[in-house]
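The values are calculated or read from the model by the stated rules, or taken from the named source; none is laboratory data. The model shown is predicted, which means the values in this text are computed figures rather than measured ones. All Cβ positions, even for glycine, are placed from backbone atoms using ideal geometry, and neighbour counts span all protein chains on display. In case anyone asks, the SASA skips ligands and DNA or RNA and just uses the protein heavy atoms, side chains included. Shrake-Rupley method; radii C 1.70, N 1.55, O 1.52, S 1.80 Å.
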Amino acid sequence: MKKIAIIGFGVVGSGVYEIIRKNKDALTKKSGEEIDVKKILDIRDFSDHKESHLFTKDFNDLLNDGEIEIVVETMGGIKFAYEYTKALLESGKSVVTSNKELVATHGEEFFRIAKEKNVRYLYEASVGGGIPVIRPLACDVSANEVVNVSGILNGTTNYILTKMFKENDSFENALKNAQELGYAEKDPTADVDGHDACRKIAILMSLVTGRKIECEDINTKGIRNVSAEDVTYAAAIGCTIKLIGCGFVENGKVSASVEPMLIPASHPLSSVEDVFNAVTVKGNMVDTLMFYGRGAGMLPTASAVVGDVIDIVRNGEYNPYYSWGDADKEKIIPYEDINTKFFVRIEEAQKEKIASIFPDVEIIKGVSDYGFVSPLMSVKELDEKLTAAGGYISRIRLFR
Ligand code: HSE
């Protein structure tokens, strides 16, 4: 019998408990051993819970319990989650988490401790909810140099954009619905402003490159400024708009960003709707793979957590494939050096100047202004040209 503990009995933590109770026989069959929840740490009162005896408010009850070998951390946030995870790993327990902020910020330190103590620190649920993407990257695509990872990594914003685009729903109403459905972070600005997706692409690119990719090196823009007019233009050029986290590896250097992007309607990412997430991975041998599924929500996310628990029950020894080392700033390509294209909206008065600076572009009319697709050039060069043309109303990057 493997005894586990859960820290944080919120949406995901209670989902983990439910899966372990409901799928008990399947779990035993798959892991070769019965898995049972011995303790649950949460500062809130659960005296009405049918298994109230499992609950404690004292972290030491978990830390000092020699029977508990695996701890699930689903509390979120950094401060306590960091202290608890560190102490648990140092005491020789394996830890499974859905906490992307913690993995993106302190993953490299936890991997070092896990190696020293020969235990595991796993985080499949931290990216893409229920979608298996960490394990395929760590194991199945090992034969490749991964050159690109791109994806719709935030369910809340994808849900909001879908409602806005398909049902003309307001941003506020769609966000409220997403919160009610348990998709959004405690502070939904982390979703809306792209920070949640930033942490996720940081994790994916760190795993791919073996070096920590820091969030501060990922140019991050959310969906607050996506307007009805942008939607009209997107449709006019045969695209949808999605919040995309992407990372490229070129000549050993890495660029990563999070921003709304125009996706051609023919691309599979454009049909990823509601809370669904999708991640494409391009390897130099396998070409492009796509992983798709529910990117948020109680049971999908808990499913990924319990999958990690089963993995550890099968083999609890440290596994280097899931880890990365310290950051190497020299290997980062700044956003302004990325070569890309944008759809740029301009005032009518700028048309002539734009036509002389970008002689080959087609300028199209929107509802109240004009727009064009910029030629392939660095962000810096585009910025300089647009400044010379008197600026712009807005611009959205084209997906490639
Ligand atoms: N708030 C996140 C999302 C939850 O909406 O995708 C899953 O990480």
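Of note:
- Sparsely packed GluC sites (Glu not before Pro) within region 22-92, loop by DSSP, other Cβ within 10 Å at most 12: Glu51, Glu67
- Here Cys139 and Asp36 are evaluated by their C-beta separation; at R0 = 25 Å the FRET efficiency comes out at 0.35.
- The magnitude of the dipole of region 338-398, with charges of +1 and -1 set on the Cβ of Lys/Arg and Asp/Glu and taken from the Cα centre, is near 180 debye.
- Using a probe of 1.4 angstrom and keeping all protein chains present, the accessible surface of the chain works out to 44 square angstrom per residue.
- Relative contact order of region 81-194, defined on C-alpha pairs under 8 angstrom at six or more residues apart (%): 18 percent
- Solvent-accessible surface (1.4 angstrom probe) belonging to Val147, in square angstrom, nearest 10: 50 Å²
- Difference of contour (0.36 nm per residue) and Cα-Cα distance, Lys79 to Thr232: 50.7 nm
- Amide hydrogen neighbours beyond the local backbone of Asn23, cut-off 5 Å, H modeled: none
- Once divided by 2.2 N^0.38 Å, the Cα radius of gyration of region 338-398 becomes 0.99.
- Here is the list for region 1-92: trypsin sites (Lys or Arg not before Pro) lying in DSSP coil, each with at most 16 other C-beta atoms within 10 angstrom of its C-beta, are Arg44, Lys50, Lys57.
- The chain, relative contact order in percent, only Cα pairs under 8 angstrom and at least six apart counted: 19 percent
- Hz values of 3J(HN,Hα) by residue in region 89-103 - Karplus curve (6.51, -1.76, 1.60), Gly and Pro given as x: 4, 5, 8, x, 9, 7, 10, 10, 9, 10, 8, 5, 4, 5, 5
- Per-residue 3J(HN,Hα) values for region 190-202, derived from phi via the Karplus relation 6.51 cos²θ - 1.76 cosθ + 1.60 with θ = phi - 60°, read 4, 6, 4, 8, x, 5, 4, 5, 4, 4, 6, 5, 4 Hz in sequence order (x marks Gly and Pro).
- Within the accessible area of region 1-153 (1.4 Å probe), percent carbon and sulfur: 49 percent
- Taking region 338-398 as the region of interest, the number of lysine pairs whose Cα atoms are within less than 16 Å, with members eight or more places apart or on different chains, is 6.
- Couplings for region 176-188, taken from phi via the Karplus curve 6.51 cos²θ - 1.76 cosθ + 1.60 with θ = phi - 60°, read 4, 4, 4, 5, 4, 7, x, 8, 6, 5, 3, 9, x Hz in order; Gly and Pro are left as x.
- Accessible carbon and sulfur surface of region 251-400 relative to its total accessible area, %, 1.4 Å: 50 percent
- Full extension of the segment from Glu108 to Asp169, taken as 0.36 nm per residue of separation minus the current Cα-Cα distance, would add 17.8 nm.
- Charge dipole of region 311-352 (Cα centre as origin; +1 on each Lys and Arg Cβ, -1 on each Asp and Glu Cβ, all else neutral): 180 debye, rounded to the nearest 20.
- Max mean-square fluctuation residue, GNM over the chain, Cα-Cα springs under 10 Å, options Val309, Val37, Val96: Val37
- A simple charge model with +1 on the Cβ of Lys and Arg, -1 on the Cβ of Asp and Glu and nothing else charged puts the dipole of region 134-294 at about 340 debye relative to its Cα centre.
- Residues with amide H under 5 Å from that of Val254, placed H, sequence gap 5 or more: Ile332, Ile333
- Computed over every Cα-Cα pair of the chain and binned at 10 Å starting from 0, the pair-distance distribution P(r) comes out as 5, 22, 30, 23, 12, 6, 2, 0 percent.
- Computed over the alpha carbons of region 286-337, Rg followed by Dmax gives 16.9, 46 Å.
- Selected from Phe9, Tyr82, Phe111, residue furthest toward positive end of dipole (region 1-117; charges at beta carbon): Phe111
- Highest-MSF residue in the chain out of Ser270, Ser47, Ser98 [GNM, Cα springs under 10 Å]: Ser47
- Sites matching GluC sites (Glu not before Pro) across region 326-400 that sit in DSSP coil, with at most 15 neighbouring C-beta atoms within 10 Å: Glu347, Glu362
- Linear extension gain, Ile364 paired with Ala349, 0.36 nm per residue minus alpha-carbon span: 4.0 nm
- Tail weight of P(r) past 25 Å, computed on alpha-carbon pairs of region 262-400, percent: 55 percent
- Protein-only accessible surface order, largest first, of Met205, Met75 at 1.4 Å: Met75, Met205
- Charge dipole (region 134-294, unit charges on Cβ, about Cα centre) - positive-most of Cys198, Val275, Phe248: Phe248
- Take the Cα of Asp383, step 7 Å toward its Cβ, do the same at Asp25, and the gap between the two points is 6.2 nm.
- Under 5 Å between amide hydrogens, built in the peptide plane, is the criterion, and for Val147 it picks out Lys282, Gly283, Asn284 among residues at least 5 positions away or on other chains.
- Label-to-label distance for His53 and Ala327 is 4.8 nm, based on points extended 7 Å past Cα in the beta-carbon direction.
- Cα-based shape type of region 164-268, given that a ≥ b ≥ c are square roots of the gyration tensor eigenvalues and the cut on a/c is 1.5: oblate
- A Stokes-Einstein calculation at 10 °C with viscosity 1.306 mPa s, built on the Kirkwood radius of region 1-102 over Cα pairs, returns a diffusion coefficient of 115 µm²/s.
- Antiparallel beta bridges, as assigned by DSSP with both residues in the chain, represent about 65 percent of the total such bridges.
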